[in-house]
Amino acid sequence: MTDTLPYLTYFRGYPCCPCLKRWLPWFEKELLRRKLIVNNIDIYQLIGNAPASAGTHSKGGAFDIKQFTQAQVRCARDMGADATWHRAPPTFSPEHAHGVLRGCPHNSPVRYQIAAVDDGYNGLGVNGHGGPDDGPRPLSYRTWKEGIAYAKAQTPPTRLEQARELLEVIRDNSKTAVRKAKFTKILDLLPKK
């Protein structure tokens, strides 16, 4: 099944689309920043064919992870995955969070769940209208790319990034060409972002 997807890539050994590969590390960083996980996210499925998923994970843009608290679901929704819900036994096993990236071009089999959450439903049943949305509100309506930008804005800069920014300000405000040249050389020596 996954062999026919020309865009197929991997995140920690799990097949996925390029959007998830870019989004998941930022989602994990935001979970860590909020102290909602200790180390890393635990993945059950990205692109896959688990029978209970009914094809929703066949092309990309959808994820099943072990982190399913309301706060963890809130974080996913804040980051461009409004269609994220806690899925619990007995209907779902193992217990997990299922989510879909808004704006991912690979999520066509599961895109109806984004429309469902926008309409206030839980993404299950016919057209995803099997019941009321039980996840945290309000929705962010961010795309996955906007979610990455949101996470970056929440993350305080490292000391190296702060030093680089300070040197750029000093260079730009320097009164002589010699000083500007010296600061430019220093900036060139620093590792890039």
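The values are calculated or read from the model by the stated rules, or taken from the named source; none is laboratory data. As the structure is a prediction and not an experimental result, all values here were calculated from the model. Neighbour counts run over all protein chains shown; Cβ positions are idealised from the backbone, glycine included. Keep in mind that these areas ignore ligands, DNA and RNA; they rest on the heavy atoms of the full protein, side chains included. Shrake-Rupley method; radii C 1.70, N 1.55, O 1.52, S 1.80 Å.
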### Among 81-93, 125-137, the order from most to least packed when residues are scored by Cβ within 10 Å on average
81-93, 125-137
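Quick one: with all protein chains in place, what share of the accessible area of the chain is carbon or sulfur, to the nearest percent (1.4 Å probe)? Walk me through the numbers before you get to the answer.
Numbers: 5900 of 10510 Å².
Solvent-exposed carbon and sulfur of the chain make up 56 percent of the total.
Using only Cα atoms, figure out Rg for the range 64-118 and give it as a multiple of 2.2 N^0.38 Å.
Working: Rg = 11.0 Å, N = 55, 2.2 N^0.38 = 10.1 Å.
That works out to 1.09 for the range 64-118.
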### Message
Filter LYS21/LYS152; LYS29/LYS59; LYS59/LYS145; LYS152/LYS182; LYS59/LYS192; LYS66/LYS192 down to the pairs with a C-alpha to C-alpha distance above 23 Å, please.
### Response
LYS29/LYS59; LYS152/LYS182; LYS59/LYS192; LYS66/LYS192
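Counting only heavy atoms of protein chains, what accessible area per residue, in Å², does the chain have with a probe of 1.4 Å?
Numbers: 10510 Å² over 193 residues.
Result: 54 Å² per residue.
How would you order 30-43, 153-166, 111-124 from highest to lowest mean count of nearby Cβ atoms within 10 Å? All intermediate terms of the calculation are to be shown ahead of the outcome.
Values: 30-43: 14.8, 153-166: 11.6, 111-124: 19.1.
Averaged packing, sorted descending, gives the order 111-124, 30-43, 153-166.
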### Message
Could you work out the pair-distance distribution P(r) of the range 109-172 from its alpha-carbon pairs, with 10 angstrom bin width and percents rounded to whole numbers?
### Response
19, 28, 21, 12, 14, 5, 0
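Relative to the Cα centre, what is the charge dipole magnitude of the range 75-143, using +1 at the beta carbon of each Lys and Arg, -1 at the beta carbon of each Asp and Glu, and rounding to the nearest 20 debye? Don't skip to the answer; put the middle values down first.
Numbers: 6 positive and 7 negative charges, 34 e Å.
For the range 75-143, the charge dipole is close to 160 debye.
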### Task
Could you tell me the largest-minus-smallest coordinate of the C-alpha atoms of the range 58-154 on each of the three principal axes, in descending order and whole angstroms?
38, 26, 25
### Task
With +1 on each Lys and Arg Cβ and -1 on each Asp and Glu Cβ, and nothing else charged, work out how big the dipole of the chain is about its Cα centre, in Debye to the nearest 20.
1240
### Free-standing Cys, the chain [no other Cys Cβ under 4.7 Å]
CYS16, CYS17, CYS75
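Grab the alpha carbons of the chain, take their convex hull, and tell me the volume per residue in Å³. If you can, show how the numbers build up before the last one.
Details: hull volume 28.0 nm³, N = 193.
Hull volume normalised by residue count: 145 Å³.
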#### Entry: Of GLN113, GLY48, GLY80, farthest towards positive along the dipole that unit charges on Lys, Arg, Asp, Glu beta carbons give the chain
GLY80
